[in-house]
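Novice: So that we are looking at the same thing, I have put the structure below in structure tokens.
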Amino acid sequence: MAGPRRGPGGPGRNDTRKPENTKATIVRLLAYLEGNLTKLILSFIFVIIKTLAALAASYMLRPLINNYIIEGAGLDKLTGFMGGLAVLGGVYLLNIAATYTEQKLMIHVSQGTLEIIRNDLFTKLQKLPVRYFDSNQTGDLMSRFTNDVDNIGMMLDNSLVNLASNALTLVGTFCMMVYTNIWLTLITIVLIPIFVKLASLLAKASQKYYRSQQAALGALNGYVEESVNGQKVVKVFNHEQICIDEFNELNTDLAEKQIKAHFYGGIMGPVMGNLGQMSYALVALVGGILCALGRFDVGGLTIFVNYSRQFSMPVSMLANQVTTIMSALAGAERVFNMMDQEPEQLDHEGAVPMENIRGRVVLEDVSFGYNPDVPVLKHINVQVEPGQKVAFVGSTGAGKTTVTNLLNRFYDINEGTITIDGVNIKDYNGTELRQHIAMVLQDTHLFVGTVKDNIRFGRLDATDEEIVQAAKTASAHSFIMRLDKGYDTVLEEDGGNLSQGQRQLLNIARAAISKAPILVLDEATSSVDTRTERHIEHGMDRLMKNRTTFVIAHRLSTVRNADQIMVLEHGEIIERGTHEELLEMKGRYYELYTGKAELD
């Protein structure tokens with residue numbers, strides 16, 4: 001029995017974790033920039049250069065207007081005016097060069113940071129327990145690698161430096177405004193609290209909706225991924241309209257949340273822009289009056305109006321970027337939530353080394369439930385000697401697969417002990433434990449790559465000769481040699497260019513090459529026809545030789561030669577013995593074997 005899973009339209013498809021607080025997310029994102037600190041510092045230096053150049057260029061208009069335009073033209077004036085324009089042009093060129101260099105550096109910073117984040121996220125993914133994958137949709141997990149990380153990248157590419165640039169522009173412009181005219185500066189300052197209050201209210205509202213948008217996007221991606229993978233099942237059961245209706249429900253939910261998020265994010269720019277225009281008009285009006293009264297010069301008014309617009313521009317630009325920032329922070333929270341999950345604690349110092357393992361496996365008074373309140377196994381006692389073959393049969397949900405999940409420590413037991421060669425499996429390092437257990441599952445999974453590489457997945461240091469020998473052991477060599485390029489034939493995703501039986505034979509070959517002393521066969525032949533099953537059984541018989549083997553089977557014909565057969569019902573072993581002994585009992589096994597009862 002596997003852990004709880006969610007299918008298309010199943011319970012919990014909108015189940016997402018609550019995001020962490022925004023401040024902690026920002027601090028954590030900044031910590032990831034340390035790996036590119038040199039480039040980041042250089043980028044900020046060029047931000048300072050371009051900001052100072054922009055401020056200087058604006059101020060240089062004052063003497064040009066007062067000395068060369070207001071006072072009239074002449075040859076000497078024209079020469080000075082052209083010289084001033086040349087200097088002004090040089091300052092603008094410096095601004096352009098600094099902007100280009102800063103943006104190029106930030107691209108390197110952002111992509112380098114994303115590389116580190118993706119590496120950390122994928123590394124964490126490999127360390128998460130099976131329980132986590134059983135309770136989270138694949139599409140939602142993929143969404144964190146794609147949409148959420150991409151949103152972080154968009155923010156790092158644009159918003160991070162713009163925040164610094166806008167802050168410097170704000171401070172620098174304010175200083176220049178005070179230097180130019182203190183009274184006009186006071187008029188501008190009066191409007192700042194209104195700017196800040198409105199920006200704060202809109203940002204708070206949009207942040208909430210961007211968080212819910214990212215969660216809804218993950219749920220939608222999860223549903224689409226599961227629907228595509230299960231398309232054959234959908235069509236077989238005429239489930240298309242139900243899938244469409246459920247997709248429309250998720251899609252509508254996402255659209256509604258996106259509308260709210262983008263509305264609050266998008267409205268900030270126009271609101272801040274209009275406030276900036278009001279400030280600009282008020283300054284121009286008062287400044288014009290001062291000029292008319294002779295209390296201010298025209299050149300000073302010109303540059304002050306320009307500074308006034310520059311002063312409101314950083315706030316407007318930040319408002320326009322709120323969409324990117326909020327999406328990135330919401331995505332970062334989801335990424336960090338995944339990174340913060342507890343990894344499997346399998347390896348520890350002082351672990352007992354697994355040397356010369358013979359394969360004696362004992363389950364003593366083992367009880368377990370995926371949910372502690374709902375037991376799946378109750379007081380299981382099994383003793384398997386080295387080289388023996390033990391089979392578990394019983395109804396669906398009786399707990400057969402759960403036994404093998406516990407043996408591999410995909411889940412840890414609630415009560416009792418499991419020992420291998422007399423040592424509790426918790427005293428072994430988990431990595432080493434799994435190296436000593438080979439599994440052949442009902443659902444085969446092959447990777448895109450050559451046949452040779454897929455077999456070698458069972459033991460990466462295996463030689464080509466060992467791969468061929470493993471294929472022969474699994475009865476796979478003959479069909480592999482009939483492929484276009486033999487062992488170098490490239491398989492499609494999940495072995496799509498092979499039959500189900502051929503995929504299973506490669507799965508057996510992968511187990512064979514591992515040389516593990518303990519073997520688990522979980523419904524290994526249930527998805528193939530009887531003729532193919534016999535062919536696979538020949539490979540499995542060779543594979544099981546001299547190995548302690550656990551067999552999970554619905555087809556009772558495959559377990560007749562087992563040394564022990566355990567009949568599981570409702571998590572308890574109700575019968576045990578050899579095939580002949582169980583038939584003589586004329587109990588549950590007898591009923592199942594003779595067809596008087598069915599495996600439901």
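The values are calculated or read from the model by the stated rules, or taken from the named source; none is laboratory data. The structure presented is a predicted model; accordingly, all values stated were derived computationally and were not measured. Every residue, glycine as well, gets a Cβ built from its backbone with ideal geometry; the counts of neighbours run over all protein chains shown. These area figures cover heavy atoms from the full protein model, side chains too; ligands, DNA and RNA do not enter into them. Shrake-Rupley method; radii C 1.70, N 1.55, O 1.52, S 1.80 Å.
Novice: Treating cross-link reach as a plain straight distance, find the aspartates and glutamates whose alpha-carbon is under 15 Å from the alpha-carbon of Lys378, omitting any fewer than eight places away in the same chain.
Specialist: Glu364, Asp365, Asp412, Glu415, Glu569, Glu572, Glu575
Novice: Suppose a student asked you for the relative contact order of the chain, using Cα pairs under 8 Å spaced at least 6 residues apart; what percent would you report?
Specialist: So the answer I get is 15 percent.
Novice: Using a Förster distance of 51 angstrom, determine the FRET efficiency expected from the C-beta separation of Gln111 and Lys586, and round it to 0.05.
Specialist: 0.15
Novice: Same structure again: In the stretch 99-130, whose amide N lies under 18 Å from the spot 7 Å out along Cα-to-Cβ of Arg28? List them in ranges.
Specialist: Counting only backbone N, you get 113-129.
Novice: Using a 10 Å cut-off on Cβ atoms, rank the peptides 514-523, 479-488 from the highest mean neighbour count down.
Specialist: So the peptides 514-523, 479-488, ranked by packing, come out 514-523, 479-488.
Novice: Taking the alpha-carbon distance from Lys39 and a cut-off under 15 Å, which aspartates and glutamates remain once sequence neighbours fewer than 8 residues away in the same chain are dropped?
Specialist: Glu102, Asp157
Novice: Continuing with the same structure: Take Ile41, Ile467 and sort them by solvent-accessible surface of the protein heavy atoms, 1.4 Å probe, largest at the top.
Specialist: Ile41, Ile467
Novice: Okay, next question. Roughly to the nearest percent, how much of the accessible area of the chain is carbon and sulfur, given a 1.4 Å probe?
Specialist: 58 percent
Novice: Counting only the heavy atoms of the protein chains, how much of Ile48 is accessible to a 1.4 Å probe, in Å² to the nearest 10?
Specialist: 80 Å²
Novice: Can you give the extra length, in nm with one decimal, that the chain gains between Ile45 and Thr396 once fully stretched, where that is 0.36 nm per residue apart less the Cα-Cα distance?
Specialist: Stretched fully, the Ile45-Thr396 segment lengthens by 119.7 nm.
Novice: Once the other residues with Cβ under 11 Å from the Cβ of Tyr132 are scored (Lys, Arg +1; Asp, Glu -1), what is the net sum?
Specialist: Surrounding charge for Tyr132 is 0.
Novice: Here is a follow-up. Roughly how big is the chain's charge dipole about its Cα centre, with Cβ charges of +1 (Lys, Arg) and -1 (Asp, Glu), in debye to the nearest 20?
Specialist: So the magnitude is around 1760 debye.
Novice: How much accessible area does Ser367 have with a 1.4 Å probe, in Å² rounded to the nearest 10?
Specialist: We get 10 Å² for Ser367.
Novice: Work out how much length Gln345 to Asn497 would gain on full extension: take 0.36 nm times their residue separation and subtract the Cα-Cα distance, in nm to one decimal.
Specialist: Residue separation times 0.36 nm, minus the Cα-Cα distance, leaves 50.9 nm.
Novice: Leaving out ligands and nucleic acids, note down the accessible area per residue over the chain with a 1.4 angstrom probe, in whole Å².
Specialist: 49 Å²
Novice: Sort 108-120, 163-175 by packing, meaning the average of other beta carbons within 10 Å per residue, with the highest value first.
Specialist: Packing proxy ranking, top to bottom: 163-175, 108-120.
Novice: Can you find, among Pro375, Phe392, Thr431, the residue farthest towards the positive end of the dipole of the stretch 336-448? Put +1 on the C-beta of Lys and Arg, -1 on that of Asp and Glu.
Specialist: Phe392
Novice: Also, I was wondering about something else. Can you give me the Cα centroid spacing of the stretch 188-267 and the stretch 138-157 in angstrom?
Specialist: The stretch 188-267 and the stretch 138-157 have Cα centres separated by 14 Å.
Novice: Can you compute the charge dipole magnitude of the stretch 101-165 about its Cα centre, using +1 on each Lys and Arg Cβ and -1 on each Asp and Glu Cβ, nothing else charged? Give it in debye, rounded to the nearest 20.
Specialist: 220 debye
Novice: Taking the Cβ of Lys257 as the center, what net charge do the other residues with Cβ under 11 Å away carry, scoring Lys and Arg +1 and Asp and Glu -1?
Specialist: Around Lys257, the charge tally is +1.
Novice: Separate question: Cα to Cα, under 16 Å, and not fewer than 8 places away if on the same chain: which lysines meet these conditions relative to Lys23?
Specialist: Output for Lys23: Lys204, Lys208.
Novice: Need one value: the accessible area of Glu385 in square angstrom, 1.4 angstrom probe, rounded to the nearest 10.
Specialist: 60 Å²
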